[in-house]
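Only one structure is covered here, and it is reproduced in the block below.
Taken together, the values in this text are just the output of simple stated rules run on the coordinates, not laboratory data. Since the model is a prediction, treat every value here as computed from it, not as a measurement. Reconstructed Cβ throughout: ideal geometry from the backbone, glycine too, with neighbour counts over all protein chains shown.
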Amino acid sequence: YNIITVAFATPQLGTDYKMEFTPLETSQANFIAQIQTLHAQGRKVLISIGGATAPTVLDNAAERDTFVSTMTNIINTYGFDGMDIDLEGNSLMVTSGTTIANPTDPLILNLIDGVKKIMTNYAATNNHKMILTMAPETAYVQGGQSGYGSIWGAYLPVIHGLRDSLDILHVQLYNTGTMYGIDGNIYTQGTADFIIAMSEAVIQGFNTAGGAFAGLPASKVAVGLPACSLAAGGGFTDTATVKAAMDY
């Protein structure tokens, strides 16, 4: 792997916006040394925020600013090359008044603005762009085709608002129910057609009740799959099936 993501930076107990990160099974000094070893090999190391059990909810400007300062501190302390947004649960939701191009929900606006501020801080310290990736669940992205509201399609305005800065979108093509492709057909996880249809959707773009989502360059789209059957509740895809999708 040339990009390695560390999981997770999570909100401090009692908050949903003050981020912290402590390595498990090793000391902070040793963990920093491991990151430096990876850097010497030419690899990039990112810190991922969120995960299934750690909602990060930025309700207002004060919480956004605390999120920015604490994430900037984590990135600087460990020498991370950027961050991966893996927010789930109630971290992101859209209401009926918001659109992909012009979101009005504070959670969405504060996250977009907060990430931009973190990137500005990073560039000021390192004199180059921070790497930004996202690992949303399918409901938050392709799910916007079948419904736009609550979590359904909730990542779309974030992806759109940060598309110029985004390096990789790797939607989680696992732990998901069936999903619509842009051809109107329904696809099931664990198949080559699912990988193809979900990837095609984010490259070609699609329509939602919140407006059109313009696709991303194919170079920014990766395929998010579990490494083994124990790594997810469903959606493990064997090597031959993945190869068939990649060949297509």
With no solvent and one point per C-alpha, what does the Debye sum give as log10 I(q)/I(0) for the chain at q = 0.13, 0.14, 0.16 Å⁻¹?
-0.82, -0.95, -1.23
Looking only at lysines whose Cα falls under 28 Å of residue 129's and that sit 8 or more positions away or on another chain, we get 18, 44, 116, 117, 220
Between residue 164 and residue 69, how many nm apart are label points set 7 Å from Cα along the C-beta direction?
2.8
Potential lengthening between residue 43 and residue 60 on full extension [0.36 nm per residue; Cα-Cα distance subtracted]
2.6 nm
For 5-15, 66-76, 154-164, ranked highest to lowest by mean beta-carbon neighbours within 10 Å, the order is 154-164, 66-76, 5-15
Cα centroid separation, segment 7-52 to segment 224-242 (Å):
24
At 0.36 nm per residue, and after removing the present C-alpha to C-alpha distance, how many nm does the segment from residue 127 to residue 191 gain when stretched out fully?
18.8 nm
Of all DSSP beta bridges with both partners in the chain, the antiparallel percent, nearest 5, is 30
Residues with amide H under 5 Å of residue 50's amide H, sequence separation 5 or more or different chain, H placed in the peptide plane at 1.01 Å from N; which?
9
Rounded to two decimals, what ratio of Rg to Rh does segment 67-204 give with C-alpha atoms and a Kirkwood Rh?
1.00
So which helices of the chain fit the span-like rule, where a helix is a whole DSSP H run, its Cα atoms reach 15 Å or more along the axis, and its mean Kyte-Doolittle is at least -1.0?
28-40, 61-78, 106-126, 192-204
For segment 130-244, alpha-carbon Rg over 2.2 N^0.38 Å:
1.00
Gain upon complete extension [residue 34, residue 183; 0.36 nm per residue less C-alpha separation]
49.1 nm
Can you give the convex hull volume of the alpha carbon atoms of segment 1-124 per residue, in Å³?
126
